[in-house]
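Worksheet: one structure, shown below.
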Amino acid sequence: MARFFSDENVPLEVVRVLRSLGHDVLTAFEAGQANRNTQDDEVLRFAVEEKRAVLTLNRLDFHRLHRLTKRAHNGIVTCTRDPDSPALAHRIHEEAMKAEDLTGKLIRVVRGAMEA
């Protein structure tokens, strides 16, 4: 199962479902990182230190960061907003299981479909 660091824009229901599926998810709130206007590169740095993949709805910024960063990372999973949080969590789970090892990968999970 994956180890995720969920930034503060990921719905808590997504986190709950991922945990119920066996994933280890640390939220920004639990890590004391919420409501601090933390820059994306610092979110990634923290996730690397914690050996976790970033889980975020902040797609464009993290796609850019993945392209431009020279820093090795444990994965970045970006998602589109979906009012059906359990369905979104299940799509994230499916992609994480398919990828097996998220290290260095950018995984895009979009509403109604998945693309890598």
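General remarks:
- Think of each Lys and Arg Cβ as +1 and each Asp and Glu Cβ as -1; about the Cα centre, that makes the dipole of the chain roughly 280 debye.
- Arg108, Arg16, Arg91, Arg71 arranged by Cβ crowding within 10 Å, fewest neighbours leading: Arg71, Arg16, Arg108, Arg91
- Compared with the alpha-carbon gap, the fully stretched path from Ala99 to Glu49 is longer by 15.9 nm at 0.36 nm per residue.
- Taking every DSSP helix (H) stretch of at least 4 residues in the chain, weighting each as -39,500 (n - 2.57) and dividing the sum by the residue count yields a mean residue ellipticity at 222 nm of -11500 deg cm²/dmol.
- Region 3-115 - Kirkwood radius from inverse mean 1/r over Cα pairs (Å): 13.7 Å
- Residue among His66, Ala47, Pro83 farthest towards the positive dipole end of region 3-115, charges placed on Cβ: His66
- Nitroxide proxy distance, nm - points 7 Å out along Cα→Cβ at Ala72 and Asn9: 2.9 nm
- Of all beta bridges that DSSP places with both ends in the chain, some 20 percent have antiparallel geometry.
- Computed lengthening from Arg19 to Arg36, 0.36 nm per intervening residue step minus Cα-Cα distance: 3.7 nm
- Contact order normalised by residue count of the chain, Cα under 8 Å, 6+ apart, percent: 27 percent
Quick note: the coordinates plus some simple rules give every number you see, no bench work behind them. These numbers were taken from a predicted model, which means no experiment stands behind them. With ideal geometry, Cβ positions are generated from the backbone for all residues, glycine too; neighbour counts draw on all protein chains shown.
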